[in-house]
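Values in this text are rule-based calculations from the coordinates and carry no lab data. Note that this is a predicted model, so its numbers are computed, not measured. Heads up, the Cβs are rebuilt from the backbone with ideal geometry, glycines too, and the neighbour counts pull from every protein chain shown.
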């Protein structure tokens, strides 16, 4: 039943997003695992379109924040406004009070405003002026950023990156798909008419099923072996945290739901290891000369030499 609903959701997204199908699956895994996804790629490959297509495919609330250097935390969280009729302050919720939040160009805003997202991403709640407000479920942040644009941007600190369950690249579409994009322009002609194929309650129901996916002790040990290897690797300055290992484990369980299984496989770990962990580690090469691809190469080498459970 869940697999059928997910296939329906995937198909609906792909009617307007004609790019990388793996990017769609990773976004769905993040949704099922109650995680957040960072989409990093060059401009014009459909980062914003992918997030909007997912939101419109679910009958839920959607907000978009265009992050800029002058944006303040109150612009994200909300502010208290004085009500003259009642002679008291009223809290006006910000765009973060939604189901799916698109944080567009997250690295263009200041660290102070970036940090306004941390509590919501970790605990699904917002604290403003000594009051704590619970966010409704499902709640997911989909953030985008351009990896090659440095002027006017702010590097995302490690604690912010660690809140993202997965980091996704889209890449350029296949030639046949790009031909369709040029001739049909689905982002303009179809996105506005995209209808929801799943309710928010159905999403929550599938999210609640993820922790029940059977994950063998040997697979948990496999995740721990990989995490331990990153912490002692001679080319890594920073390894995977416990939060990172937990995120990988949860993503693996969500992948099983995505594929219609009631159990996790070692191949799920292999498939998600880099997407779940590359943004959590820092290579010494990157610190020296900014080689961002070094972490991917190092993690792949760790994956290749770590024994896979049978």
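Assorted remarks:
- Within the chain, helix-based [θ] at 222 nm, where runs of 4 or more DSSP H residues each add -39,500 (n - 2.57), nearest 500: -13000 deg cm²/dmol
- log₁₀ of I(q)/I(0) at q = 0.15, 0.18 Å⁻¹ - the range 213-310, Debye sum with one point per alpha carbon: -0.55, -0.76
- Fewest-first ranking of 167, 136, 52, using other Cβ atoms within 10 Å as the exposure measure: 136, 167, 52
- Straightening the chain between residue 132 and residue 246 buys 38.5 nm, computed as 0.36 nm per residue apart minus the Cα-Cα spacing.
- Each residue in 39, 219 was given a count of other beta-carbon atoms within 10 angstrom of its own, and listing them fewest first yields 219, 39.
- Bridges between two residues of the range 1-208, per DSSP, are antiparallel at a rate of about 35%.
- Note on the range 222-242 and the range 51-120: Cα centroid distance 34 Å, given to the nearest whole angstrom.
- Extent along the principal axes, Cα only, for the range 1-208: 60, 44, 32 Å, with the longest axis given first.
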